[in-house]
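See structure below.
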Amino acid sequence: MSIVGVTMTIPLEMDLGQENTTVFADVRSQLLTALNGSNGAPGTKDAIRLLHARQRGERAFAEESLVRAKGAKLLSFFADGTEIDPQRIRPRLVQVTRPESLEGFLFRIATLLWSVPVSRGYGRRLRFIVIDDQNSKVIGLLALGDPVFNLACRDSWIGWNAEQRRERLSFMMDAYVLGAVPPYSDLLGGKLVGSLVAAREIEETFRLRYGGRKGIISGRAKNPHLVLVTTTSALGRSSVYNRLRLAEMVEFRRLGATQGWGHFLVSDDLFRAARQVLKSHGDPYSENYNFGQGPNWRLRALRKACRFLDINDELLRHNVRREVYAVPISANWREVLLGTESEPAASRYSTEEIALAALKRWVIPRAERRADWSSWTRRDTWRSLTEVLPGMRPGNS
């Protein structure tokens, strides 16, 4: 199988009883090819996008059949610039509850517009499409998933110990998809969508979905409430999250940066092959994903596989230091996470209230300063969707 010029030769399920040495050598070679040269210090956003190109191509390849089958219909949900009146933008949150639904298909195809590949999320997930009620077009996407278990700058900022984190990590989610699609993105729609993380409807949806469930780790019913959301920039310093604040409503607080470790250079197929290496050695990390581990588990599994294959696991340090932000959802979020209070303060503002404030703060002023958003067309959207799909480029479709 060829994905953006990279040929994968590793079977999804290896026969570990035959020629293990040859198979492991193949996996080792593939890992070294993927990781070598990644541990420099990319200084520009374009350089970071280039590092993500292989994985982005892989994710797009997996969606090509969807684009072929439903792309024309789904494209109608994306706006021409002439269909937007910035003064009349009215965002509405539409939850994606089933992958095989119109909302599910629309969410999947919209993620292809991101310049870096979008994670599928881990464990608990809440996914939303932000629709503009003035024209029924997509403004952007918002998706929450399990936070990573260990994140030094976050844990230091909260001030909790290991036991407190273990008990109350379930009161937190991570925004793994957060942003706007064109032409709303040219109107600072990313800040609008980001601000909706703090909307009352998000917390209510979380409580209805996860309230009263038993914790996977503790086995006890914790009745979690969403009190804090974290998110991480994709391309180093974030122009979207920086200074994202609406007085009394929402505030993105910068906590620090990640240490530059990651697994995004390793394709899904190659990761499955690495897990087979672990399985052949009887290592529990081949199958032991649990709540709260998220991408930490994937990184740890790869580090173990590297050791079995005699690869320096320092190659997993890509040195893309991503900014980490936190968004308090309740006024007493820290007390709840530390266990000194049990009931969170109620979320005060609705999607409509936050959106109106965001429109006045960012979107309408941007529309008055610039007009480039108005010339965007669905043809431009289609071009962006298909540019990473070799089979659908002009002359190949």
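Within the range 133-170, take every residue that is hydrophobic (A, V, I, L, M, F, W, C) and at pLDDT below 95 and give me the one that is nearest to VAL193 (Cα to Cα).
Here the answer is VAL148.
Conditions: (1) buried (at least 19 other Cβ atoms within 10 Å of the Cβ); (2) at positive phi. PHE78 meets all but one. Number of the miss?
All conditions pass for PHE78, except number (2).
Determine whether GLN30 is modelled with pLDDT under 65 and crowded, with 17+ Cβ neighbours inside 10 Å.
So GLN30 fails the test.
Can you tell me how many residues in the range 120-166 are closer than 20 Å to TYR325 by Cβ, free of Cβ contacts under 8 Å to residues at least 24 places away in the same chain and under 19 Å from the mean Cα position of the chain (by Cα)?
Number of matching residues: 1.
Please state which of the following conditions GLU63 fails to meet, knowing it meets all the rest: (1) of a type outside the set (Phe, Trp, Tyr); (2) under 18 Å from the mean Cα position of the chain (by Cα); (3) closer than 18 Å to ASN135 by Cβ.
Of everything listed in (1) of a type outside the set (Phe, Trp, Tyr); (2) under 18 Å from the mean Cα position of the chain (by Cα); (3) closer than 18 Å to ASN135 by Cβ, GLU63 misses just condition (3).
Looking at this structure, is ALA301 touching a Lys or Arg at 6+ places or on another chain (Cβ under 8 Å) and at pLDDT 90 or above?
Values: touching a Lys or Arg at 6+ places or on another chain (Cβ under 8 Å): yes; at pLDDT 90 or above: no.
In short, no.
State all residues of the range 159-198 that are of a type outside the set (Asp, Glu) and either in contact with a His (Cβ under 8 Å, 6 or more places away or on another chain) or assigned to a strand (DSSP E or B) (or both); if no residue qualifies, say none.
Correct list: PHE171, MET172, MET173, ALA175, TYR176, VAL177, LEU178, GLY179, ALA180.
Identify, please: which residue in the range 139-158 is in contact with a helix residue (DSSP H, G or I) (Cβ under 7 Å, 6 or more places away or on another chain) and assigned to a loop (DSSP other than H, G, I, E, B) and is, among those, surrounded by the fewest Cβ atoms within 10 Å (Cβ to Cβ)?
Across the range 139-158, the extreme among qualifying residues is ASN150.
For the range 77-95, state whether one or more residues are more than 30 Å from ARG370 (Cα to Cα), at pLDDT 90 or above, among the small types (Gly, Ala, Ser) and not in a loop (DSSP other than H, G, I, E, B).
no
Give me the residue from the range 307-327 that is hydrophobic (A, V, I, L, M, F, W, C) and at pLDDT 75 or above and, out of that set, farthest from ARG28 (Cα to Cα).
Out of the qualifying residues, it is VAL327.
Which residue is surrounded by the most Cβ atoms within 10 Å (Cβ to Cβ), if the candidates are limited to the range 178-237 and must be more than 18 Å from the chain's Cα centre (by Cα), at pLDDT below 95 and at positive phi?
Among residues in the range 178-237 that are more than 18 Å from the chain's Cα centre (by Cα), at pLDDT below 95 and at positive phi, the one surrounded by the most Cβ atoms within 10 Å (Cβ to Cβ) is ASN223.
Which of (1) modelled with pLDDT under 80; (2) within 18 Å of ARG28 (Cβ to Cβ) is the odd one out, the single condition TRP261 does not satisfy?
For TRP261, the failing item is (2).
Would you mind telling me which numbered condition in (1) surrounded by fewer than 19 Cβ atoms within 10 Å (Cβ to Cβ); (2) at pLDDT below 70; (3) closer than 29 Å to ASP186 by Cβ; (4) not β-branched (Val, Ile, Thr) ARG243 fails?
The single condition ARG243 does not satisfy is (2).
The values are calculated or read from the model by the stated rules, or taken from the named source; none is laboratory data. Values in this document were obtained by computation on a predicted structure and should not be read as measured data. Reconstructed Cβ throughout: ideal geometry from the backbone, glycine too, with neighbour counts over all protein chains shown.
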